[in-house]
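**Student:** Structure in structure tokens, see below.
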Amino acid sequence: MSYGYDVAGLELPHCQNPKLQRVLAAALGQTGVATQQDYPYWDATYFGLHNVKIFQESTVAEQAQILDHANRELFQEAYLVEKAGMGYMSKMVLLADTIEERMLYGLFAADEATHLSQLSHFALEPDLAQTPNTFLRFLAALVESQDKSVLLFVIQVVLEGWGLSHYRSLAKECRNPALGALFTSFLQAESRHHGTGVLLFNQTAVSAASRSAIGEVLTQFLQMVQVGPQGVVAAIAQAKGGLSRQQTVHVLEQLDTEAHSSHRLKVLRSLMHTESSQEIVQTLEARGMFQPLPAVQCVLHEG
Ligand SMILES: [Fe+2]
Ligand SMILES: [Fe+2]
């Protein structure tokens, strides 16, 4: 079901009016200290590429290209998540049941607008915003949901909780000190977004229909995690002009996809464990959704 407008707003155009842009800059209190000089933002080790034979054997130019693709994908994802987050928080302003809840979501929408603006200083040209990845497409569909308990649980309890550990690792490993510090500065607000989700979800009476909807959405999400670091595989494939099935399996093995997914699935499982979500976790467990897949089962594209 749709509201007739696009909550995630991934394709919203930029405003062309310089006066409005000046008002926005003033409202944001921008200082503009970004620098794209320390690029790539994350190095080969961050992506596990140092263990991948096809990467080691590539020319310096190809290696730079692979790293560039992987960096853009990673940065773009954070950028678009903040963009979708701004729409999500604004929607939750309208769905609030109390005045305090409405105030909080109003403030959270401002947090995400601030994050988006701060990240935009580090955005790379050309802008890849037109090509949201599988996760972003999933997120954009999810924020259209009308079921508040689905939104609270999946977006705030699980995804924002996940975002916290993701941003922590992006910050820690970032080669650009200004961008690293920026991700660290997001943590307090993101932890408030997550904590509010946990509080509100635990005081919600979740219907059987909502529980089953949450189970379906999380199954879809966990499937994406089970198949490992597909963004890194895509970055290699793009630079090398495609990978055969066999090459893809080797790349995934060398990226240690099972250990990679296993760690993520554990973190996600512990995030899903709240007072009132035991049944959901049990359903997902029965479906084997917390089991990482071996490399051979993670080949999504060929050629
Ligand atoms: Fe944010
Ligand atoms: Fe957030």
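The values are calculated or read from the model by the stated rules, or taken from the named source; none is laboratory data. The model shown is predicted, which means the values in this text are computed figures rather than measured ones. Here the Cβ is made from the backbone with ideal geometry for all residues, glycine too, and neighbour counts use every protein chain on show.
**Student:** Looking at (1) under 21 Å from GLY9 (Cβ atoms); (2) surrounded by fewer than 16 Cβ atoms within 10 Å (Cβ to Cβ), can you tell me which one LEU151 breaks?
**Tutor:** It is condition (2) that LEU151 fails.
**Student:** Okay, next question. Looking at region 36-92 only, could you name the residues that are more than 30 Å from GLN156 (Cβ to Cβ) and small (Gly, Ala, Ser)?
**Tutor:** Scanning region 36-92 gives ALA44, SER58, ALA61, ALA64.
**Student:** Would it be correct to say that LEU179 is in contact with a Leu (Cβ under 8 Å, 6 or more places away or on another chain) and of a type in the set (A, V, I, L, M)?
**Tutor:** When the stated conditions are applied, LEU179 does not pass them.
**Student:** If a residue must be within 16 Å of ligand 2 (Cβ to nearest atom) and either exposed (fewer than 14 other Cβ atoms within 10 Å of the Cβ) or of a type in the set (Ser, Thr, Tyr) (or both), how many such residues does region 121-137 contain?
**Tutor:** Residues that pass the stated criteria total 0.
**Student:** ALA8 versus (1) over 24 Å from the mean Cα position of the chain (by Cα); (2) closer than 22 Å to PHE201 by Cα; (3) part of a loop (DSSP other than H, G, I, E, B): which is the lone unmet condition?
**Tutor:** Tallying (1) over 24 Å from the mean Cα position of the chain (by Cα); (2) closer than 22 Å to PHE201 by Cα; (3) part of a loop (DSSP other than H, G, I, E, B), ALA8 fails exactly one: (1).
**Student:** Now for a different question. In region 168-197, what count of residues is obtained for those that are within 25 Å of MET103 (Cα to Cα) and not hydrophobic (A, V, I, L, M, F, W, C)?
**Tutor:** 11
**Student:** List the pairs whose first member sits in region 104-122 and is in contact (Cβ under 8 Å) with a residue 60 or more places away in the chain, whose second member is not in a helix (DSSP H, G or I), and whose Cβ atoms are under 7 Å apart, counting only residues at least 6 apart or on separate chains?
**Tutor:** That search, which allows pairs on different chains as well, returns SER117/GLN30; HIS121/GLY32; HIS121/ALA34; PHE122/ALA34; PHE122/GLN36.
So that you can scan it fast, the table gives a plain yes or no per residue for (1) assigned to a loop (DSSP other than H, G, I, E, B); (2) under 14 Å from the mean Cα position of the chain (by Cα); (3) more than 16 Å from ligand 2 (Cβ to nearest atom):
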| position | (1), (2), (3) |
| --- | --- |
| LEU139 | no, yes, no |
| GLU144 | yes, no, yes |
| SER149 | no, no, yes |
| PHE153 | no, no, no |
| ARG168 | no, yes, no |
| LYS172 | no, no, yes |
| ARG175 | yes, no, yes |
| ALA181 | no, no, yes |
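**Student:** Then there is this: Would you confirm whether any residue within region 232-250 is under 16 Å from the mean Cα position of the chain (by Cα), in a helix (DSSP H, G or I) and modelled with pLDDT of 95 or more?
**Tutor:** yes
**Student:** Could you figure out which of (1) over 21 Å from THR134 (Cα atoms); (2) among the charged types (D, E, K, R); (3) part of a helix (DSSP H, G or I) isn't true of GLU258?
**Tutor:** Answer for GLU258: the failing condition is (1).
**Student:** Please indicate, with yes or no, whether at least one residue in region 148-156 is within 15 Å of ligand 1 (Cβ to nearest atom) and modelled with pLDDT of 95 or more.
**Tutor:** Yes; the residues of region 148-156 include at least one that is within 15 Å of ligand 1 (Cβ to nearest atom) and modelled with pLDDT of 95 or more.
**Student:** May I pose another question? Consider GLY197 carefully, then state whether it is more than 26 Å from ARG72 (Cα to Cα), within 15 Å of ligand 2 (Cβ to nearest atom) and at pLDDT 95 or above.
**Tutor:** yes
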